[in-house]
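Here the structure comes first, spelled out in structure tokens, and everything after it is commentary.
Derivation of every value follows stated rules applied to the coordinates shown; laboratory data play no part. For clarity, every value in this text was computed on a predicted model and none was experimentally measured. Cβ: placed from backbone, ideal geometry, glycine included. Neighbour counts: every protein chain shown.
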Amino acid sequence: MSLTVLYFASLRDAAGRDSEQLPLPASLPELYMQLRERYRFPLPKEKLRVAVDGEFVAWDTPPRAGSVVAFIPPVSGG
């Protein structure tokens, strides 16, 4: 069982990819913690929004097999 993770902005730059498929984690915070360690993401989860299957969700939403998870960092622009 797995899910797909999408990376945007600074997270995409740090990971060096747009997406990847990963084993289903126990929780979204655990998934982000593992990715943060692997790719040295500079942002704590409190600075991010998380979306599952195109909808923003709370961090305590259980991950589901086959879902698409996106961690959204803050962005600036005009």
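Observations, loosely collected:
- Out of M1, M33, one residue alone is among the aliphatic types (A, V, I, L, M) and surrounded by 14 or more Cβ atoms within 10 Å (Cβ to Cβ). It is M33.
- Scope the stretch 2-60; condition outside any helix (DSSP H, G or I) and touching a residue at least 60 places away in the same chain (Cβ under 8 Å); matching residues: S2, L3, T4, V5, L6, Y7, F8
- Scan of the stretch 45-78 for residues that are more than 17 Å from P25 (Cβ to Cβ) and out of contact with any Lys or Arg (no Cβ under 8 Å at 6 or more places or on another chain), ordered by number: E46, K47, R49, G54, E55, V75, S76, G77, G78
- Tally, over the stretch 23-44, of residues that are under 14 Å from P63 (Cβ atoms) and either in contact with a helix residue (DSSP H, G or I) (Cβ under 7 Å, 6 or more places away or on another chain) or acidic (D, E) (or both): 4
- Per the listing A58, A9, the residue uniquely surrounded by 13 or more Cβ atoms within 10 Å (Cβ to Cβ) and either out of contact with any Leu (no Cβ under 7 Å at 6 or more places or on another chain) or not acidic (D, E) (or both) is A9.
- The set of residues in the stretch 61-78 being surrounded by 15 or more Cβ atoms within 10 Å (Cβ to Cβ) and either aromatic (F, W, Y) or assigned to a loop (DSSP other than H, G, I, E, B) (or both) consists of T61, P63, S67, F71, P73.
- Hey, A70 within 9 Å of the chain's Cα centre (by Cα) and in contact (Cβ under 8 Å) with a residue 40 or more places away in the chain or not: yes
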